[in-house]
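Everything on this sheet refers to the single structure shown next.
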Amino acid sequence: MKLLPKIKPAQLPAAGAKFVDDRLTVATPMRRIFNKVFPDHWSFMLGEIALYSFVVLLLTGTFLTLFFDPSMTEVVYDGSYTPLKGVEMSRAYATSLDISFDVRGGLIMRQIHHWAALVFVGAMTVHMFRTFFTGAFRKPRELNWLIGIGLLTLGMLEGFAGYSIPDDALSGTGLRIMNAIILSIPLVGTWVAYAIFGGEFPGGGEIIPRLYITHVLLIPAILVGLVAAHMALLVKQKHTQFPGKGRTEKNVMGERMFPGFAAKGGGFFMIVFGVLAMLGGWFQINPIWLFGPYKGEVVSAGSQPDFYVGWIDGWIRLWPAWETRNFDYTIPAVFWPSVVFPGVVFTLAALWPFLEAKFTKDVHFHNLLQRPRDVPARTGLGAMVVSVLLILLISGGNDIIAEKFDISLNAMTWAGRIGLIIVPPLVYFVTYRICLGLQQHDREVLAHGLETGIIKRLPHGEFIEVHQPLGEVDEHGHTHLEYAGAPVPKKMNKIGATGAQPRGVFFPVERRSDVEAEQKALAGGHKE
Amino acid sequence: MKSSVFAKMGERFRRAVVLLLALGALGGLYAAFSPTSTAKDGVNTAADEATYVREGQKLYSEGCISCHGRNAEGVTDRGPSLIGVGAAAVEFQVSTGRMPMARQEAQAQRKPPVYDSDETTQLAMYIQSLGGGPEIPNGDLREGDMSAGGVLFRTNCAACHAFSSNGGALSSGKFAPTLKETTDRQLYAAMLTGPQNMPVFGDNQLTPQEKKDIIAYVQSMKESKDPGGLGIGRTGPVPEGLVAFLVGIVACMFAALWIAGKS
Ligand code: HEM
C-alpha cells in the first residue's frame, strides 16, 4: 500500500532532481546555464546593483500598495501627525501620511522604496557609462544597449510617476511643470495635456489614479519584461571581458554560474538590500508631511525634482526666455530645453552603437572590451557628456547652492551658462591627452621594460636607471612585445620582484606564507 | 536609636529645603534673564514710560543718528525715515542684530544683537513716541492652532522661506533667511512690518490670531525631530541625490570591489 518508493535521505536531492527531469526534461538546458561563465571584474557588477535595487523596489512597492489609496476624494485628516490634524486633503495624500505615521514599518518601507528608486536609476546610469567607455555596446550587443536605453527612460518615468502619486505639494509642483512642458509642444501639446490630465490643470482628479496604475502596473510590467530580455541576451551572447592572458574573442574566462557566481550574486544582493535598508533607516527622504497637501496656491522655494529629472530642470533654468513665433504659433521657451533637448540626448544615445560603427567603418564582432585609454575619442566624448550632465545637475539645484553658500542666484545661472560652453571642450581635450599619455607609457614599458628604481653608474660616470625588460631583448636592449590593449605591469612587485603579494582589497584574504609556498612550488627547480 | 532617626529626618528636611531654595533661586534667575520675559511688562506707569523714551533717545543719538537722522527723518543714501515704522520694526531690526547696520550690502543680515532687551525696548518706545506705528502684542504669541498655521505658512511664507522654513534664494543675491533662530516676537514683528524684500502682512491680510497660528506651527516644526532619521537639511531632492550617490552607490561599489577582489 505504499504510494511512494522508499528513499534514503541522502538520495533525496538526486531523486528529486530525477523526478523533475523525468517530467520536464530540463537537465540539459539547466546544465548549460549552471556552467555559464561570468568574468569577475568589479565594474561588471554595476548592472547587478541596478537589478537588485529593482527587486527591492518591487518588494517594498508591493507593501506600499497594501495601504496606499490613489483616490482624489477630499477627506479631513485625522491621523497621528498633529500639525496636519483637521486639514482637508486628498485620500491619496492622507494614506501616504498614514503609511508614514500609522502603519507599522510603513515609514521605513516608504523611505527604502524612495532610496532604492534613486539608487536604481543612478546605478543604471553608471552601468551605462561603464558599457560606453569599454565599448561593450559594439556588435553584436547593440540590441542590449537599446534595451538599456529603454530601461533608463522607463526608470525615469516610473520614478516621476511615483514622486507624483502621494499628491503632496511638492509632487503637485512637479506635475504642474510637467503639464506646462506638455502644453509647450507645438500643434498637439494642448490636446495631449488635456487628454492626460482630463482637462485643464490640475484636471478633475483623473491624473493621480492614472499615474498610479502606470506606476504600479504598466511600467513595472514592461520593466520586468525588458530586464528579462536584457538578461536572456546576456546569457545568449555571453559576457564581454577585458583583454588579458588567455582571453580571446572566442572564450570567456571567469567563474561558473553555479556555485561560485550564484553564491557571490546572492551575497551581493544581500549587501545591496542592506545598504538600501540602512539608507531607509538612517536618512530621511521626501518628508511629505512638511510639504502639506497639494493646493494650487502653494509653491515652495527650493522645489526640486529627483536627480534623474534634475538635469532637465537644470537645462530649463539655464535656457534664456526665448519665445518664438512662427505662422501665428507661439513656441514657449520651455519647449527647447524640456522636450527637444532630452529627445536629442536619448536619440543620440540610442543610435550611438550604429553611429560609431559607421564612423569607424567597423563591421566586426567584438567580445573583448577596450580599455578607455585605447579609444581616446570616444572616452573624451563620454567625459564631455558627463561634464555636461554634472553642470546641468548643479544648475538644477542652483537656488539651493546659492542659498547655502551665499552666492547670488543670477551669478549661479550665468556660471552655468558659461560653464556649459567652456567646460565640455576642455574636458574633451584633457581626457584625450590623458588617454594618449597612458597609452604612451604602456608602450614605453613594453619596449624598454619596467623601472626598477635601481640607479647604476657607468664606468665613464653616466648614471642610468636599470630597466627590467618584460621579454626577450634584441641587441639594442629593446623588447618587441605587441601592444594588445591589455593591462601592462607597472611595478616590479607585479612581476614577482618583491615576492608574491597576498590578494585582497581591504585586507589580505590569503596568508602570506601560503602564497610564498605556492610561488616556491611554481618556481620548481629554478634556483639561483 | 530614636534620636538618630530624628537626626536623619532632620537631615532629609534640611536637604529638601536647600533644594527648594536652590530651585526657587534658579527660577527667579530664569525669570529675570529669560528672553521671553519682555522688559516692557515692567513699564507700568506713565513716569516709567517717559524714562524709557528718554533712555531710548539717548541710545538713538549714539547708535542710529548717523544714518537715520536727528529726528529719525532719514538721511539720503544712508538710511530711511523711521517715523511711523513703529516699535515692532525697531524691535525686529535691533533684536535680530540687523540694526545698527554695519555696512551697506544687498541685505542687512542677522547678527548677534548689540543692545540687550531693555535697551531694545527703550529704542522701540522712543521711535514709537515719534510717529506711532505697529506694535507687537504682549503675552503668549504661540497660542494658536498649529494645523491652521501650517496651511497659512505654506500658502503665504513657503514661497520664499521654503516648506522647511530653512530659507531660499531670491534674485540678485537677495534671499529669504532661515527661521531657525527666530523668536516668537521676531516672527510676529517680521509679518507685521515686512522687512526689506519681505511683504507686509498687516492685520487685514493675516489677523492677529492667524499670526499666532503661524508662529505655533513654525516653532513646533523647528523643534520637532525628524521621524525618518537624519533630516539631511530637510532640503529635499538635492541632498537626497547626493546621499544616494555618495553613500548608496559608493557603498555598493566598494562591496563590488571587495567581492571581485576575493576571486
Ligand atoms: C512594481 C513595482 C512598484 C510598486 C508596486 C510601487 C508602488 C508605489 C506606491 C504605492 C507608492 C506611493 C507610496 C507613498 O505614499 O509614498 C510609490 C511611491 C513611489 N515609487 Fe514606487 N512602486 C514600484 C516601483 C517603483 C520603481 C521601479 C520606482 C523607481 C524608478 C519607484 C519609485 C517611486 C517613488 C520615487 C515614489 C514616491 C515615494 C515617496 O513619496 O516617498 N517605484 N510606489
Given the candidates A:L390, A:P469, A:H441, the one whose Cα lies deepest towards the positive end of the charge dipole of region A:388-481, counting +1 at each Lys or Arg C-beta and -1 at each Asp or Glu C-beta, is A:L390
Here the relative contact order (percent) of region A:142-295, from C-alpha pairs under 8 Å and at least 6 apart, is 34 percent
Honestly region A:87-242 on the Cα gyration tensor test (a ≥ b ≥ c root eigenvalues; a/c under 1.5 rounded, otherwise a/b vs b/c for prolate or oblate) is just oblate
Cleavage-rule hits, trypsin sites (Lys or Arg not before Pro), region A:311-376, DSSP coil, Cβ neighbours within 10 Å at most 11: A:K361
Protein chains only, probe 1.4 Å: how do A:L183, A:L458 rank by accessible area, largest first? A:L183, A:L458
Roll a 1.4 Å probe over the protein chains and send me the accessible area per residue for the protein assembly as shown in Å². 54 Å²
Just checking the output field for A:107-116: average partner chain Cβ neighbours within 10 Å of each residue's Cβ? 2
Can you pull out the GluC sites (Glu not before Pro) in region B:166-240 that DSSP calls coil and that have at most 16 other Cβ atoms within 10 Å? B:E181
Provide the solvent-accessible area of B:D184, counting protein heavy atoms only and rolling a 1.4 Å probe, rounded to the nearest 10 Å². 30 Å²
If A:V298, A:V427 are ordered by their accessible area, calculated over protein heavy atoms with a 1.4 Å probe, which sequence runs from highest to lowest? A:V427, A:V298
Electrostatic dipole magnitude of region B:46-131 [Cβ: Lys, Arg +1; Asp, Glu -1; Cα centre; debye, to 20]: 340 debye
Report the charge-dipole magnitude of region B:146-223 in Debye, nearest 20, computed about the Cα centre from +1 at each Lys and Arg Cβ and -1 at each Asp and Glu Cβ. 140 debye
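Can you tell me how chain A classifies by the Cα gyration tensor, rounded, prolate or oblate, using a/c under 1.5 as the rounded cut?
In terms of gyration-tensor shape, oblate.
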Charge dipole (the protein assembly as shown, unit charges on Cβ, about Cα centre) - positive-most of A:P372, A:I112, B:T235: A:P372
Percent relative contact order of region A:335-446, based on C-alpha pairs within less than 8 angstrom and at least six residues apart? 35 percent
What net charge is computed for the residues neighbouring A:V121, neighbours being all others with C-beta under 13 Å from the C-beta of A:V121, Lys and Arg scored +1, Asp and Glu -1? -3
Residue farthest toward the positive end of the dipole of region B:46-131, with Cβ of Lys/Arg at +1 and Asp/Glu at -1: which of B:Y52, B:M99, B:S117? B:M99
In Å² (nearest 100), what accessible area is buried between B and A, both sides summed, heavy protein atoms only, 1.4 Å probe? 5100 Å²
Just counting partner chain Cβ atoms within 10 Å, what average do the residues of peptide A:302-310 show around their Cβ? 6
Scoring only Lys, Arg, Asp and Glu (+1, +1, -1, -1) among other residues with Cβ under 12 Å from the Cβ of A:F365 yields +2
Mind listing the long-range amide H neighbours of A:F283? Cut-off is under 5 Å, sequence gap 5 or more, other chains count too, H placed in the peptide plane at 1.01 Å from N. B:L230
In deg cm²/dmol, rounded to the nearest 500, the helical mean residue ellipticity at 222 nm of the protein assembly as shown, built from -39500 (n - 2.57) for every DSSP H run of length 4 or more, is -18000 deg cm²/dmol
With every protein chain in place, the accessible area of B:S224 for a 1.4 Å probe, in Å² rounded to the nearest 10, comes to 50 Å²
Segment A:W42-A:L154, length gained on full extension (0.36 nm per residue, minus Cα span): 37.7 nm
Of B:T155, A:T240, which has the most accessible area with a 1.4 Å probe, and how do the rest follow in descending order? B:T155, A:T240
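Where the accessible area of region B:146-223 is counted over protein heavy atoms with a 1.4 Å probe, how much of it, in %, is carbon and sulfur?
Answer for region B:146-223 is 54 percent, counting heavy atoms of protein chains only.
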Principal-axis tilt of helix A:512-523 within chain A, Cα atoms, nearest 10 degrees: 50 degrees
Based on Cβ point charges of +1 for Lys and Arg and -1 for Asp and Glu, what charge dipole magnitude is obtained for the protein assembly as shown about its Cα centre, in debye rounded to the nearest 20? 3300 debye
If you count, for every residue in B:76-87, the Cβ atoms of partner chains within 10 Å of its Cβ, what is the mean? 0
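If you filter region A:413-500 for GluC sites (Glu not before Pro), then keep DSSP loop positions with at most 15 other Cβ within 10 Å, what is left?
The qualifying sites are A:E462, A:E472, A:E475, A:E482.
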Cut-off 14 Å (backbone N to label point 7 Å along Cα→Cβ of B:S172), residues of region B:189-206: B:197-198
Size-normalised alpha-carbon gyration radius of region B:46-131, reference 2.2 N^0.38 Å: 1.01
Rounded to whole Hz and in sequence order, give me ³J(HN,Hα) for region B:212-221 from the Karplus expression 6.51 cos²θ - 1.76 cosθ + 1.60, θ = phi - 60°, writing x for Gly and Pro. 5, 4, 4, 4, 4, 5, 4, 5, 6, 5
I need the phi-derived Karplus couplings for region A:119-135: 6.51 cos²θ - 1.76 cosθ + 1.60, θ = phi - 60°, integer Hz, Gly and Pro marked x. 5, 4, 5, x, 5, 4, 5, 5, 4, 5, 5, 4, 4, 5, 5, 9, x
How tilted is helix A:46-65 with respect to the longest principal axis of chain A? Cα atoms for both, answer in degrees (0 to 90, nearest 10). 30 degrees
How large is the accessible surface of A:H114 in square angstrom, using a 1.4 angstrom probe and rounding to the nearest 10? 20 Å²
Whole-percent carbon and sulfur share, accessible surface of chain A, 1.4 Å: 67 percent
Do the alpha carbons of any pairs in A:K404/B:K111; A:K85/B:K111; A:K456/A:K494; A:K250/A:K491; A:K236/A:K490 sit beyond 26 Å of each other, and which pairs? A:K85/B:K111; A:K250/A:K491; A:K236/A:K490
Computed label-point distance, nm, for sites A:K236 and A:V515 using a 7 Å Cα→Cβ extension: 4.3 nm
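The values are calculated or read from the model by the stated rules, or taken from the named source; none is laboratory data. Just so it is clear, the model here is predicted, and its values are computed rather than measured. Please note: Cβ atoms are built from the backbone with ideal geometry, for glycine as well, and neighbour counts cover all protein chains shown. With ligands, DNA and RNA removed, areas are computed over all heavy atoms of the protein, side chains included. Shrake-Rupley method; radii C 1.70, N 1.55, O 1.52, S 1.80 Å.
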